[in-house]
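One structure below.
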Amino acid sequence: MHSWTDTLRFAFQPVVNLTTGGIAALEVLARPEAGDILAEARRDPELDGKLAVLAVRAAARKETLLPLHINVFAATLADLGGLGPLHEAVRQAGRLPWEVTLDVGPPFTHVPQQALLDAVTALRETGFRISADGVGDGDLPLRVLHDMAPDLVKLDMSLLDRPAAVGAMRTLCDQLGALLSVEGVETELQYTAAVSAGAQLGQGELFAPPARLPVAEVYVPPRPSGSASGSRPGPSVREFVRPAALLPDTASAGQVRALLTGSPEVSGVLLVDRDGVPVRSVHRSRFLLSMSGRYGHALYADRPAARLGDVPRTVGADATAWEVLDVVADGARDRTSDDVAVVDRYGRCVGVVRLADLVRALAESRVEEAAGLNPLTRLPGSDAITGEVDRRIADGRPFALSWLDVDHFKQVNDGAGFAAGDDLIRAVGRALQHAASGSTRVGHIGGDDFLVLTDPEGLNALVASVLDTPWSAGGRPVTLSLATVLCVPGSVVEHRQAAACLAPLKEAAKALNGASWVLGRAGLPGHEIRRGEGPTASQTRVVVAEPLG
């Protein structure tokens, strides 16, 4: 009698890093040739657990070194808890738990939520990574998603035409320290939408369809310009993570050599302890050079490979690309080509980054940034400022957004000449840059208009630096007008709303005589006149000036 396993096959679909274009992992998909095993597994946790075990064994037979994504239903975890047989299957396959991500999928309705969360916690403590699968098209409650604190959120492609929802999910992922992936990407337009929405990973027919044999290469379209790169200054290191080649720290030099010679794409091996913490880093070229010497194989083959390794370079998963470059720059010159290990909050390796990937991406970002600079002042335009406004709103940080311009600038140009007008604009831009400190951002949005984004406590010093300065153009005195809106968490939901609050404040400032400054608060009527002469106090909501710094 034939077993149901005789008609069960597995396919492998790559999970693609949308920044590097490399394969980050393989999702192992059950493909029954007869019957509806998956429907039965949804009702039978024991069967679903067996499918997960068989998926790991199928991947082991293909001898792939890539990390694996294994599907399990939420009800299976709630019912079976720690998935003991899966642990054993991973061990027998020569894998480490942190090389396996469990894609926890719907349905979640009627699943005991606390039992599910307890199972997720137990699996994570043993090293497995957790992914929330089918988000956006399933029934996963937001509260449970938050409490699961997954390492990865897989978003259904149908949400790409709802950018506000995707943006909210990206914000949640950033706060949870999770990556965002989009499933079911079939067209280049969907790819562009996924990248623009801030997704770091993707799956779908566009890159590569599921196949019986793991693919070595995938198709990734050119990355759209101006795409999102995370909420932190500089691209996040998570965007560049590649799978790491891991071996136990007890591995022999012969075992490392076998891995390297059988996998030419591997640039180095990390030796990790029982908890997955990198102990030594083995660089491909230096290691093989030592082994290929006259007595190299005889001397080292049966000895610990750690003797031929170096202290690993590590960065946290929340680091930026610039911080990785700092780590590389601080080390020995002969190790600049070494991979840098990326570790989670427990110190466990989650992958590696290569210097070439970082340099290429940072160079591209600098080109894009230069293209957006105003040619007169070399300051960024409005996109850079409004993007940072949205990040501060998402992070729940208070901020002050100010709009500065020159009074009667057309008369300045007409009377003193455009060259004198250009000199004045450049001088104002330099003054703003000199006054800016810390997290302050200055932008030149065209003509005589500037945007300044700063923390509320840094506003007074900035205002004094530009409004207390005597300005002139071609010997003619000139004054400036400044409008500021203070935004506390919850008062605005995006940069357009902050800009809308700022527009009437600018109009009020321009109506005053002399150097002027008008300040308002988002969500509250009226404004305060802090500098300038004109309307009486009864025409405005004048309040005793509260200290801003």
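Readers should treat all values here as calculations from the given coordinates under stated rules, not as data from a laboratory. This one's a predicted model, so the numbers in the text were calculated from it and none came from an experiment. Note: ideal-geometry Cβ built from the backbone for every residue, glycine included; neighbour counts use all protein chains shown.
Here the simple spin-label model places points 7 Å from the Cα toward Cβ, and for H146 and R43 these points are separated by 3.6 nm.
Under 5 Å between amide hydrogens, built in the peptide plane, is the criterion, and for F10 it picks out R31 among residues at least 5 positions away or on other chains. Overall, region 246-359 carries a charge dipole of about 520 debye about its Cα centre when +1 sits on the Cβ of Lys and Arg and -1 on the Cβ of Asp and Glu, all other atoms neutral. Site pair E217 and D330 shows an inter-label distance of 3.8 nm when each label is modelled 7 Å from Cα along Cα→Cβ. Decide, for the chain, between rounded, prolate and oblate: order the square roots of the alpha carbon gyration tensor eigenvalues as a ≥ b ≥ c, take rounded if a/c falls under 1.5, and otherwise choose prolate if a/b is larger than b/c, else oblate. It comes out prolate by the Cα gyration axes.
In the chain, the longest principal axis of the Cα atoms and the axis of helix 163-176 are about 70 degrees apart.
FRET efficiency for the pair D449 and E533, taken as 1/(1 + (r/R0)^6) with r the Cβ-Cβ distance and R0 = 22 Å, rounds to 0.45. Report the relative contact order of the chain, percent, no decimals, based on alpha-carbon pairs under 8 angstrom and at least 6 residues apart. Relative contact order comes out at 9 percent.
In terms of the Cα gyration tensor, with a ≥ b ≥ c the square roots of its eigenvalues, is region 4-222 rounded because a/c is under 1.5, prolate because a/b exceeds b/c, or oblate? Oblate shape, in that a/c is at least 1.5 and b/c is the bigger or equal ratio. DSSP bridge analysis restricted to the chain gives an antiparallel fraction near 60%, rounded to the nearest 5. Close Lys pairs in the chain (alpha-carbon distance under 27 Å; sequence gap of 8 or more, or different chains): 5. Here's the picture: a label point sits 7 Å out from the Cα of R307 along the beta-carbon direction, and within region 250-275 the residues with their amide nitrogen under 12 Å of it are 252-254.
Taking Cα atoms only, the orientation of helix 355-371 departs from the longest principal axis of the chain by about 20 degrees.
In a fully extended conformation the segment linking E188 and D273 would gain 26.4 nm over its present Cα-Cα distance, using 0.36 nm per residue.
If a/c stays under 1.5 just call it rounded; otherwise compare a/b with b/c (prolate if a/b is bigger, oblate if not). Do that for region 375-539, with a ≥ b ≥ c from the square roots of the Cα gyration tensor eigenvalues. Taking the square roots of the gyration eigenvalues as a ≥ b ≥ c, region 375-539 is oblate.
Counting each DSSP H run of 4 or more residues in the chain as -39500 (n - 2.57), what helix-only mean residue ellipticity at 222 nm follows after dividing by all residues, to the nearest 500 deg cm²/dmol?
-11000 deg cm²/dmol
Note on H444, H527, H69: ascending count of other Cβ atoms within 10 Å places them as H527, H444, H69, the fewest first. Antiparallel beta bridges, as assigned by DSSP with both residues in region 375-539, represent about 80 percent of the total such bridges.
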